[in-house]
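Here's the structure we're looking at; comments come further down.
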Amino acid sequence: MRILTRSILIYFLFFLNACNSNDDDNVRPTQVSNSQQILVVNEGNFGQGNASLSLIEEGKLVISNDLIAEANNGITTGDVVQSVYYSNGLIYIVSNVENRILVINSKTFQQVDVIESNLENPRYINITRGKIFVTNWGSDFVNSFVSVFSESDLSFNYKISTDPGTEKIFTNDGQEFWVSNNFSNTIQVFEFGKNEIKETIQVGYAPNGINSLQADELFVLCQDTFGGSNGYIYKIGIEGYQKLDSVQLGIKPGDQLEFNSISSKGGFLFYGGTSVFTFDPSNRFSISENKLADFSSELGSIYGIGIDNSGDLWIADHLDFTRSGRVVKTNGNNPGKIVESYSVGIGPNGFLFKY
């Protein structure tokens, strides 16, 4: 959950956490870029409409920090851009406060369409089998839902009611979809073409990142209660919806659970504070042994990570939203070594690679 958004939800989240005191303990943008260009998603300040996309032409050290405005006669990128998603030559920009999804051409960055209805605090997108699935917190942050649109003409189809704080959405086969509900302790499952929840699974509090290493298992990153500092990773059997295992992390993680393609330990990557950690489901987790890199002397915090098509790790630092943010690239063979640094827009939270 974004620090920006938290600033207006502190009371609400405190209330939710108090009510759940007995609870148990896709992408952040889909990875998309071509070999020479990286898009950085800058969410901006709440209520100021200053979100942006930055374009980095790697190697040339060329950067554009207001890409959408430049390509569209000054149009704003959005007010708190939560995430972006790439599909079939288009980039979908999800503006959380504006209840808007701006659709742009991925090559020219010019607007081609927009979704402005049946959205209430939209968060993340998954596009599968001609349908656009959008998670929404809801206007009251309690009555959350997934809204479904046709990819061909952006027409609204139906919505699926979920538990509070619906966040990430994942599918491994296009038949069943899994959503994490960040204001509760549940993962919920629904089927393609059906507008109701099929299964609800209780996990740790504030589930967020969802990912899979193989077809029959799903891993869920849980961030702990607001103000808490002890997250979990749960392993769930996809076929039977059963909890197979849980691992206590001993730290409060960020909201991403990414494939680990840059170290020998395999599994996943996640971040917490100013460090990046590895998680191998087949081995014991230890904060010290699984710390891939620490950037406490170089960065104020980590707000998003991504791995490019060359296997290099990129890290976003929001710098407290008081000035332009910063993104850095680390050496693929030495993830703790920063080799490039860029000043970007306000509140960088993720990247697009391989489009």
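The values are calculated or read from the model by the stated rules, or taken from the named source; none is laboratory data. Treat the numbers as computed from the prediction; the structure is a model and nothing was measured. Using ideal geometry, Cβ is built from the backbone for each residue, glycine included, and neighbour counts are taken over all protein chains shown. The accessibility values were calculated without ligands, DNA or RNA, using every heavy atom of the protein model including side chains. Shrake-Rupley method; radii C 1.70, N 1.55, O 1.52, S 1.80 Å.
Brief remarks on what is shown
- Count of segment 39-93 residues which are over 21 Å from the mean Cα position of the chain (by Cα), of a type in the set (S, T, N, Q) and over 21 Å from Ser343 (Cβ atoms): 2
- Filter result (among the aromatic types (Phe, Trp, Tyr), closer than 16 Å to Asn126 by Cα and either modelled with pLDDT under 95 or open to solvent by less than 30 Å² (accessible area, probe 1.4 Å) (or both)) within segment 187-222: Phe190
- Candidate set: segment 252-267, residues that are in a loop (DSSP other than H, G, I, E, B) and under 21 Å from Ala206 (Cα atoms); chosen: the one most open to solvent (accessible area, probe 1.4 Å): Lys252
- Qualifying residue in segment 300-309 (condition: open to solvent by less than 50 Å² (accessible area, probe 1.4 Å) and either of a type in the set (Lys, Arg) or over 24 Å from Gly347 (Cβ atoms) (or both)): no
- Any hit, segment 74-84, residues being among the acidic types (Asp, Glu) and either assigned to a strand (DSSP E or B) or open to solvent by 20 Å² or more (accessible area, probe 1.4 Å) (or both): no
- Conditions (1) closer than 25 Å to Val103 by Cα; (2) surrounded by fewer than 19 Cβ atoms within 10 Å (Cβ to Cβ); number of the one not met by Gly165: (2)
- Which numbered condition Gly347 misses (of (1) within 18 Å of the chain's Cα centre (by Cα); (2) open to solvent by 10 Å² or more (accessible area, probe 1.4 Å)): (2)
- Residues in segment 225-237 that are in contact with an Asp or Glu (Cβ under 6 Å, 6 or more places away or on another chain) and modelled with pLDDT of 95 or more were compared, and the one that is most open to solvent (accessible area, probe 1.4 Å) is Lys235.
- On inspection, Leu249 qualifies as buried (at least 22 other Cβ atoms within 10 Å of the Cβ) and more than 24 Å from Phe177 (Cα to Cα).
- Gly47 meets the stated requirement of being at pLDDT 65 or above, open to solvent by 20 Å² or more (accessible area, probe 1.4 Å) and outside any strand (DSSP E or B).
- When segment 320-343 is filtered for residues that are hydrophobic (A, V, I, L, M, F, W, C) and at pLDDT 95 or above, the ones remaining, listed by number, are Val327, Val328, Ile338.
- Qualifying residue in segment 315-322 (condition: open to solvent by 40 Å² or more (accessible area, probe 1.4 Å), within 29 Å of Asn50 (Cα to Cα) and touching a Leu at 6+ places or on another chain (Cβ under 9 Å)): no
- Which listed residue is out of contact with any Phe, Trp or Tyr (no Cβ under 9 Å at 6 or more places or on another chain), over 16 Å from Ser52 (Cβ atoms) and part of a strand (DSSP E or B), from Val134, Val114: Val114
- Odd one out for Tyr342, checked against (1) more than 23 Å from Gly209 (Cα to Cα); (2) surrounded by fewer than 19 Cβ atoms within 10 Å (Cβ to Cβ): (2)
- Residue satisfying all of: in segment 335-353; part of a strand (DSSP E or B) and among the small types (Gly, Ala, Ser); nearest to Leu313 (Cα to Cα) among these: Gly336
- The set of residues in segment 268-290 being within 22 Å of Gly350 (Cβ to Cβ) and surrounded by fewer than 21 Cβ atoms within 10 Å (Cβ to Cβ) consists of Gly272, Gly273, Thr274, Ser275.
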